[in-house]
Structure formats: structure tokens, C-alpha cells
Amino acid sequence: KRPAGAPDKSLARPVSKVGIVGAGLMATQFATLFVRRLQVPVVMTDLDQERVDRGVAGVHAELDNLAAKGRLDSDTHNRLKGLVSGTTDRSEFADCDWVIEAVFEEVKVKQDVFIDLEKIVAEDAILATNTSSLSVDEIASVLQRPERFVGFHFFNPVAVMPLIEVVNATKTNEATVATAMAVAKNLKKTVVITRDRPGFVVNRVLAKVLGESMHAVDTGTPIEVVDSALAPMGLPMTPFELLELVGLKVGVHVLESHHAPFPERFFESANLDKLADAGAKLIERNGKGEKTGYTKEFKQ
Ligand code: CAA
């Protein structure tokens, strides 16, 4: 196996049409970035037409915002809107050379998506997962051509966070890594190549911070004390604001996926599990999005 360094750039394949599986919040952010930076057709799919329509409308709204801020001229704005489409029929991915998923963070769900995609896309199309907490090798284990499969991990908010982790899994080939690097560069992101390890690089550290913060609350420190203690530490967000940003369910997955392989080193949080299951919030906010308090639902 080659060392985890940069691959030969000349192996990168061109990307002339992008497919995005999912049309939710994450997928909308992906689609906006891909269409804006690559300026190629981007097609989103989801389970029903309503979700698809909402996703496409979300991308159009983001492009409208960029135009209103003067970041897209009116010709480009209109052209980019025309490049985004949505469908419930994944067979429209047939001529995509890059497909990325933004579906539920569960191995079986993602595997089923990729099994299906392999029946649709060309042999050398790249398939990418945005998983933040699952093993890329495990997802790839059901694929016929795992060499064209790669982790491509964005951070939230996708438009603003500069980094992408390209996960070079055991069977990923050099052309796939080279293409992923080129795509990341064209998206104007900084890229690191990581191996398929729990948390890759960034979430390994974040899981520690989030898990320790939740553990402090779970063992009796009031949430507002932990939050306000960390607020002046120079971080752009407190751990609880970050948990809200990524979504409590994603937070639970991140903690679980570190606790399972390293139970001595990483905490899970029963309180976080319950709040996530209930679709509840950690932080209470007013209509303007300003923080007004914290959940009263913790059992300590
Ligand atoms: N979507 C799109 N753009 C957004 C956005 C969003 N959700 N939130 C903020 N922005 C944009 C704003 O439009 C603004 O852009 P312009 O300057 O171009 O107009 C810019 O970001 C700055 O926004 P604000 O001035 O409103 O706010 P801020 O200065 O407080 O910055 C922040 C907001 C960038 C989110 C900052 O708080 C931050 O960096 N937070 C840390 C985020 C972080 O750590 N993310 C990683 C999470 S972990 C993860 O995602 C991995 C995982 O797998 C779980």
C-alpha cells in the first residue's frame, strides 16, 4: 500500500457532472458549493418529489443570497441556477462522474445507496461518502469496485469551513484520491488525506472536546457553567453551540463511533442520546436566533 501522501496529480479525472444523494440541509450545502465552484450540472435525488423540490429551492435561495451579496454576476447567477436539478430517479446519475451521498449516518443505509449507485454509474465514476463517523472500509466492503470509492468529509457550515478530509481507504486507488484532491482544490478547500480511522483527524479531537463537555454535564456541572467556561477560550463556538450546529444525532454518532473502539478514552452521553431521540434542543434561542437559555431536560 502506498504511503498516505499526495497522489500523482496527473491521474485526476475530470468531473463534468455531479450527483448528490439526498436533498436535505447537508445536500443543499453540497449542491450550492459544487455548482458554484465547478460550474457543471449538479443533480440531487431524494425519496420523494417534495424533498427534492425543497432541496433545489434551497440551492436556488443560496445562489440568490450570493448574487445579492455581489458574489455572482447576474449571468452566472442565472446559469448556475439552470445547472441544478432534482429528481427521485437515481438513473439520472448514469452520466455523473462524481457522486457523493449525504444520507443518514448508518452503515447499512449508506451501503444500500452505493450498491444501487454501482448499478447506475459508469465503471470509473467516483463514489464518495461524506461520513463523519463510520468506517469508509466497512461501507466499501459491499462494493464491486471499492477502488473508486473515497471518503470526502466536509465540515459544517460547508460554505465557510475551509477543510475537506479525503479518506484514503484500504482499497481506494491513486486515481480516485487524485480526483478527490482535484475536486477539493476546485471547491477552493484545503485538503488533508487521512486513513480510515475513527474520527479521521478532526472529529477524533472534536469527539474528545464534545464528549468531555457532555460528561461534565452528565456528572453534575450545569450546562450553562460548562458553556460559559469554554466561551472565552478563543474557540469560534462553544461545544454545545457546535453540537447544535452539526445536529445532536450526528453528535451522538460521533461520540458512539469513538467510544466503541476506545471505551477508556471517549465518553458517550445518555443525556445527549435522549435529547437527540426526542428531536430536542440543547440551547434555547429566540426568534432572532439569539441564545436565551439551555435545555431543562437534563437528568443529572
Ligand atoms: N451556511 C452558509 N453560510 C454561513 C452559515 C451557514 N450555516 N453560517 C455562517 N455562514 C457564513 C455567513 O454568511 C458569513 O459569510 P459572509 O461573511 O460571506 O457573509 C460567514 O459565514 C460568517 O458568518 P457570521 O459573521 O454570521 O458568523 P461568525 O463570524 O460567528 O461565524 C461560523 C460563523 C463560521 C459558523 C463560526 O462560528 C465557526 O467557524 N464556528 C465553528 C464551526 C465548526 O467548528 N465547524 C465544524 C463542525 S464539526 C463538523 O462539521 C464535522 C462533523 O462531521 C460533525
* When the Cα centres of segment 75-144 and segment 202-263 are compared, how far apart do they sit, in Å? -> 30
* Asked: Hey, what number do you get for the chain at 222 nm if only DSSP H runs of n ≥ 4 count, each worth -39500 (n - 2.57), divided across all residues, to the nearest 500?
  -> -13500 deg cm²/dmol
* To do: Please find the FRET efficiency linking residue 297 to residue 104, where r is the Cβ-Cβ separation and R0 is fixed at 25 Å, and quote it to the nearest 0.05.
  => 0.55
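Rounded to the nearest 5, what % of the DSSP beta bridges within the chain are antiparallel ones?
Restricted to the chain, the bridges split so that about 20 percent are antiparallel.
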* Out of every Cα-Cα pair in segment 122-243, what percent are more than 26 Å apart? -> 33
* Select from segment 251-300 those GluC sites (Glu not before Pro) which occupy a DSSP coil region and have at most 14 other Cβ atoms within 10 Å, ordered by residue number. => 264, 290, 297
* To do: Within the set of other residues whose C-beta is less than 11 Å from the C-beta of residue 179, count the net charge using Lys and Arg as +1 and Asp and Glu as -1.
  => +1
* Structure fact -> To the nearest 10 degrees, the tilt of helix 202-218 (Cα long axis) against the first principal axis of the alpha carbons of the chain is 30
* To do: Could you tell me what % of all Cα pairs in the chain have separations over 36 Å?
  => 19
* Structure fact -> The simple spin-label model distance between residue 142 and residue 228, using points 7 Å out along Cα→Cβ, in nm, is 4.8
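Dipole magnitude of segment 1-121 about its Cα centre, charges +1 at Lys/Arg Cβ and -1 at Asp/Glu Cβ only, in debye to the nearest 20?
It comes to approximately 620 debye.
Counting other C-beta atoms within 10 Å, and keeping those with at most 10, which DSSP coil trypsin sites (Lys or Arg not before Pro) do you find in segment 58-107?
When the trypsin sites (Lys or Arg not before Pro) of segment 58-107 are filtered for loop state and at most 10 Cβ neighbours within 10 Å, 69 remain.
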* Structure fact -> The computed P(r) of segment 203-294 puts the percent of Cα pairs beyond 19 Å at 36
* Principal-axis tilt of helix 174-186 within the chain, Cα atoms, nearest 10 degrees -> 70
* To do: Kindly state, to the nearest 0.05, the FRET efficiency for residue 69 paired with residue 235, given R0 = 25 Å and r defined as their beta-carbon distance.
  => 0.45
* Provide the FRET efficiency to the nearest 0.05 for the residue 285-residue 88 pair, computing r from the beta carbons and using R0 = 41 Å. => 0.75
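Values in this text are rule-based calculations from the coordinates and carry no lab data. Treat the numbers as computed from the prediction; the structure is a model and nothing was measured. All Cβ positions, glycine included, derive from the backbone under ideal geometry; neighbour counts span all protein chains shown.
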